[in-house]
1. Residue under question is residue 183, and the condition is that it be part of a helix (DSSP H, G or I), under 28 Å from residue 352 (Cβ atoms), open to solvent by 10 Å² or more (accessible area, probe 1.4 Å) and among the acidic types (Asp, Glu); does it hold?
2. Quick one: would you say residue 361 is in contact with a helix residue (DSSP H, G or I) (Cβ under 9 Å, 6 or more places away or on another chain) and at pLDDT 95 or above?
3. What's the number of the only condition in (1) touching a strand residue (DSSP E or B) at 6+ places or on another chain (Cβ under 9 Å); (2) not in a strand (DSSP E or B) that residue 189 fails to meet?
4. Taking residue 312 as the residue in question, decide whether it is modelled with pLDDT of 95 or more, over 18 Å from the mean Cα position of the chain (by Cα) and under 30 Å from residue 94 (Cα atoms).
5. Would you point out the residue of the stretch 57-69, among those that are closer than 20 Å to residue 162 by Cα and touching a residue at least 60 places away in the same chain (Cβ under 8 Å), that is surrounded by the fewest Cβ atoms within 10 Å (Cβ to Cβ)?
6. Kindly establish whether residue 44 is basic (Lys, Arg), more than 30 Å from residue 334 (Cα to Cα) and either open to solvent by less than 50 Å² (accessible area, probe 1.4 Å) or touching an Asp or Glu at 6+ places or on another chain (Cβ under 9 Å) (or both).
7. Looking at this structure, is residue 133 over 16 Å from residue 111 (Cα atoms), free of Cβ contacts under 8 Å to residues at least 24 places away in the same chain, among the aromatic types (Phe, Trp, Tyr) and crowded, with 18+ Cβ neighbours inside 10 Å?
8. Looking only at the stretch 346-362, count how many residues are of a type outside the set (Asp, Glu) and under 16 Å from residue 191 (Cα atoms).
Amino acid sequence: MRHAIWVLAVLAGVLSPVLGGIEDSFPASVLQDARLTTLQLLEKYKYPAEAHQVTTEDKYILTLHRIPRPGAKPVLLVHGLQDTSATWIIMGPHSGLAYYLYDNGYDVWLANCRGNRYSRSHVKLNANTDKAYWSFSWHEIGMYDLPAMIDAILVKTGYQKLSYFGHSQGTTSFFVMASSRPEYNAKIYLMSAMAPVAFMRHMKAPLMGIARMGIGVFGENFELFPNSPLYLNQCLQSSGVMKTCVRFYWQIVGKNQEEHNMTMFPAVLGHLPGGCNVKQPIHYLQLQTSDRFCQFDNDAKENQRVYGRPTPPDYRLERITAPVALYYGSNDFLSAVEDVQRLAKLLPNVVENHLYRKWNHMDMHWGISARRTVMPRVLKVMQYWESGEERKDVTTGSPVEEEVTQLTTEAAVEGNQGNEEADTVAKEESTERNQGERVDQEVHQKKVTESPGEE
């Protein structure tokens, strides 16, 4: 944790001299949402809210947030890396997936995996003082957190099955659970995978090189970027700083200006990062290097002790028998199309394979058009598989491709006030890119002139 705080302090020192402030450029309600907890957001928008504690087999204490509808079918939503339960509601009642599912008659449960701001407790260990607390990856989330949460929900509701939504790491951990503890496949009506991550060979995120260097300096087993108001406060310092924040965000998740809701961006900044263990991104970086979907790679001696072999074993995807629906975007820097399609070929029960052109890593539940396009589709597919009838229409072949058209109505404009900042960023990036291409062409022409014999 001390390393992350040090980084924040450096950021604060660099950005604090910037004069001005642009809080007045955003609605007061959005700025308030940025500073509320998940339960406070639910209460603000007049939805019922509960918090439930769950203890895992390895003694981590997790918090589940619930939008209760007693007697209704339960659905579990599991967030991605550096995220929390708030991710499903921060875009507001007219956009958030959790609200949408509740309004359509579901008992909605929102996970908080170990290490995020809402799940930092342990039976014996203190997350603030005990390094041993930070000894997990997303492997342990799949092995222990998900089973504990699923079992607790089914006991509380009296159902034998639930529907599951995972985003990013929420899909990775599901694949771990369903392959390593295959008995849990029988407890799932449908797993809806949004921006699924298993293989990572084609990951495009430009900042990953910097991430590798930073992790190499700091080492393993510590908290990476705990939740803090500093990120939001610094981005609101000036228009210039906010542009930098938007660029940084796009460099991680992929750029899709059309679906980027600039009006709500402060709410995002208020809830991200949510806190995680540095070992989680390290595990992902290992997948990119090895081109495998496998357990954590220690040194050869430790691998031999833990796994009985010098290299970590692959997760056996063929053991995942629960129906899986895949939803992903062509401009996702973290979950590349090629990697998702490779995953689709290996999963034995893919029932939906849906590619959204231009969409990035977060557009499935934060995009301006998500409520209008993605959510009705995922609801329909989920209800289809919950109906209990025997289904045979598996679609593991070529994905259905869809390009979402943008609304030009007043409602669409109102839903994205403030996108002038995003427009400016996009134009500046386009200008920089064009200038760079002209320079490359000039250099190339010069080389050709100087070296006519080379091909």
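The values are calculated or read from the model by the stated rules, or taken from the named source; none is laboratory data. A quick note: this is a predicted structure, and the numbers were derived from the prediction, not measured. Ideal geometry is used to build each Cβ from the backbone, glycine not excepted, and the neighbour counts take in all protein chains shown. With ligands, DNA and RNA removed, areas are computed over all heavy atoms of the protein, side chains included. Shrake-Rupley method; radii C 1.70, N 1.55, O 1.52, S 1.80 Å.
1. Here the answer is yes, as residue 183 does meet what is asked.
2. Working: in contact with a helix residue (DSSP H, G or I) (Cβ under 9 Å, 6 or more places away or on another chain): yes; at pLDDT 95 or above: yes.
Here the answer is yes, as residue 361 does meet what is asked.
3. For residue 189, the failing item is (2).
4. Taking the combined requirement at face value, the residue does not satisfy it.
5. Going residue by residue through the stretch 57-69, those that are closer than 20 Å to residue 162 by Cα are 62-69.
Going one step further and asking which of them are touching a residue at least 60 places away in the same chain (Cβ under 8 Å), we end up with 62, 64.
Values: 62: 26, 64: 22.
Per the stated criteria, the residue is 64.
6. Working: basic (Lys, Arg): yes; more than 30 Å from residue 334 (Cα to Cα): yes; either open to solvent by less than 50 Å² (accessible area, probe 1.4 Å) or touching an Asp or Glu at 6+ places or on another chain (Cβ under 9 Å) (or both): yes.
It is true that residue 44 is basic (Lys, Arg), more than 30 Å from residue 334 (Cα to Cα) and either open to solvent by less than 50 Å² (accessible area, probe 1.4 Å) or touching an Asp or Glu at 6+ places or on another chain (Cβ under 9 Å) (or both).
7. Details: over 16 Å from residue 111 (Cα atoms): yes; free of Cβ contacts under 8 Å to residues at least 24 places away in the same chain: yes; among the aromatic types (Phe, Trp, Tyr): yes; crowded, with 18+ Cβ neighbours inside 10 Å: yes.
Criteria met by residue 133.
8. So the first thing to find is which residues in the stretch 346-362 are of a type outside the set (Asp, Glu), and the list is 346-351, 353-362.
Filter once more, keeping what is under 16 Å from residue 191 (Cα atoms): 346-351, 353-354.
Total meeting the criteria: 8.
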